[in-house]
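The values are calculated or read from the model by the stated rules, or taken from the named source; none is laboratory data. This one's a predicted model, so the numbers in the text were calculated from it and none came from an experiment. Methodologically, a virtual Cβ is constructed for each residue, glycine included, from the backbone with ideal geometry; neighbour enumeration extends over all protein chains shown. These accessible areas exclude ligands, DNA and RNA; they are computed on the full protein's heavy atoms, side chains included. Shrake-Rupley method; radii C 1.70, N 1.55, O 1.52, S 1.80 Å.
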Protein chains: 2
Amino acid sequence: MTPKLDSTPRKQPKQDRSQATVEAILMAAAHILTELGLDSFTTNRVAERAGVSIGSLYQYFPNKKALLFALAQQDAEKMQQLAQEHLTNVEHLTIAQVVQQIVRAAIAAHSANPRLHQVLHEQISRDQVMPAAAESQVENLLRSFLEQRRDQLKPENLDLTVFMVSRTIESLIQRAILDRTPWLESGELEAEITRLISGYLVKS
Amino acid sequence: MTPKLDSTPRKQPKQDRSQATVEAILMAAAHILTELGLDSFTTNRVAERAGVSIGSLYQYFPNKKALLFALAQQDAEKMQQLAQEHLTNVEHLTIAQVVQQIVRAAIAAHSANPRLHQVLHEQISRDQVMPAAAESQVENLLRSFLEQRRDQLKPENLDLTVFMVSRTIESLIQRAILDRTPWLESGELEAEITRLISGYLVKS
DNA sequence: CTAAAATATGAATGATTACTCATATTTTAA
DNA sequence: TTAAAATATGAGTAATCATTCATATTTTAG
């Protein structure tokens, strides 16, 4: 008897019609979150933007939180996928080169929809119910890479290292994007983060 | 005719009595924000906790945002003060030693009331009206230190360097505190951040 | 002592919003 | 063809909350 979470989908859409409804709702939700912000994110507004009655929304999402949950899942999947792509066939590269790959991938991932990503992130840290899966998945990729190169690494504590690296990259990029710094476009940021992390990781 | 901000205090408390009221309100506000979170942060609840009528609250704060504004100002002052204390009489130290001082100060600053600090931080990035003064003040201290040691530094772009250093330290500490990692207590975090930043800054 | 100024009160207002439910329409499958 | 299942509708409900205002109490100053 697994107690179902509040945010469990209310019912599975079976027909094409309802599938389209769910997609429209999710798109509208993302749009309102990014364009109008969390304060304007009301279930009625989402339904309206989706061109769907408020009742229909509640057919598939038992409450507002479930909507955010669903968006977070989508976001996590995209992140995970991007990380995968950039972290395969990497055996022949130096650590510094791989770090550059990672930084580049992270910039790409965050550039896609930074505001949505940020809002979801804040909700995750507020709500225990949300999937921190997004990070932990990506962090697992990082961890396995670091394990493979363990002999070339300066830090001893692998968990701490994963924390330092992932958190540093994530926050620098996130902030740079939201602040619209020029260092993103110019490539300076990528270079500096790469140097910061490489110097920290590699045995001198 | 400077258009007054919404968050301008409604009236200045002149008597001791009203001074006490304002302080009680601010204390209650901080308490509710940290203990119950932003969702439970209602003006009526703050007034109740302060032992004051809702009307009195609105005598001194024209709206809810003004309350957050006032808290943010208090917080900024404390941060600024702590940074000052830890960054004086530093001329005879190496860069690595100073970085350690900074990291230690930052840990102390954030440990004081991490949740309050985080909530205010999030509001600042959401609202344009809020004082980003907190960071910029501390960043100025950092900038002037880096300027003094410019010849020993590897990075060329000072603004970018300030961004990298302040943002990295801030986010690593914030996250470590909120995640309750054991690396804080053990001192490992302080050592690792210091190494990360020092390696990045100092000419090899 | 007294009137004006400062301060405090809290019920009431109006607006917002998450969510429900009774009913209507559409699709499926037999 | 038809009944059941799936899907859609949106006015309505109840709760919450920021803010106001008319009134009451306290303090100050002359």
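Against the main long axis of the alpha-carbon atoms of chain B, helix B:114-126 sits at an angle near 80°. Using just its DSSP H runs of length 4 or more, each adding -39500 (n - 2.57), the protein assembly as shown gives a mean residue ellipticity at 222 nm of -23500 deg cm²/dmol after division by all residues.
Over all distinct Cα-Cα pairs of chain A, the Kirkwood formula returns a hydrodynamic radius of 18.8 Å. Pairing the Cα long axis of helix B:95-112 with the longest principal axis of chain B, what angle in degrees results, from 0 to 90 and rounded to the nearest 10? Approximately 20 degrees, to the nearest 10.
Keeping every protein chain in place, order A:MET79, A:MET27 by accessible area at 1.4 Å, biggest value first, i.e. largest first.
Values: A:MET79 25, A:MET27 145 Å².
Per-residue accessible area, sorted high to low, gives A:MET27, A:MET79.
Oblate is the label for region A:102-204, because the ratio a/c of its alpha-carbon gyration tensor axes (a ≥ b ≥ c) is 1.5 or higher and a/b is not greater than b/c. Plainly put, the tip 7 Å out from Cα toward Cβ on A:MET27 is 5.5 nm from that tip on each other copy, the closest given first. Label sites at A:GLN74 and A:GLU23, each approximated as a point 7 angstrom past Cα along Cα to Cβ, lie 1.1 nm apart. Other residues with beta-carbon under 13 Å from the beta-carbon of B:GLY187 carry, at +1 per Lys or Arg and -1 per Asp or Glu, a net charge of -2.
The local environment of B:LEU158, defined by Cβ-Cβ distances under 10 Å, has a net charge of -1 under the rule Lys, Arg +1 and Asp, Glu -1. Taking a ≥ b ≥ c as the square roots of the eigenvalues of the Cα gyration tensor, the protein assembly as shown is classed as oblate, since a/c reaches at least 1.5 and a/b does not exceed b/c. Translational diffusion of region A:150-190, estimated by Stokes-Einstein from the Kirkwood radius over alpha carbon pairs at 20 °C in a medium of 1.002 mPa s, is 183 µm² per second.
Counting only protein heavy atoms and a probe of 1.4 Å, the accessible surface of chain B is 49% carbon and sulfur.
Solvent exposure of region B:94-172, expressed per residue, is 43 Å² of accessible area, with all protein chains present and a 1.4 angstrom probe.
The residue among B:LEU142, B:MET79, B:THR161 whose Cα reaches farthest toward the positive pole of the charge dipole of chain B, with charges on the beta-carbon of Lys, Arg, Asp and Glu, is B:MET79. Relative to the longest principal axis of the Cα atoms of chain A, the long axis of helix A:64-86 lies at roughly 30 degrees. Pairing chain B with chain A buries about 2800 Å² of accessible area. This figure sums both sides and uses a 1.4 Å probe.
In this structure A:PHE163 has an accessible area near 20 Å², from a 1.4 Å probe over the protein heavy atoms. Calculated on the Cα set of region B:8-62, radius of gyration then Dmax: 10.8, 33 Å.
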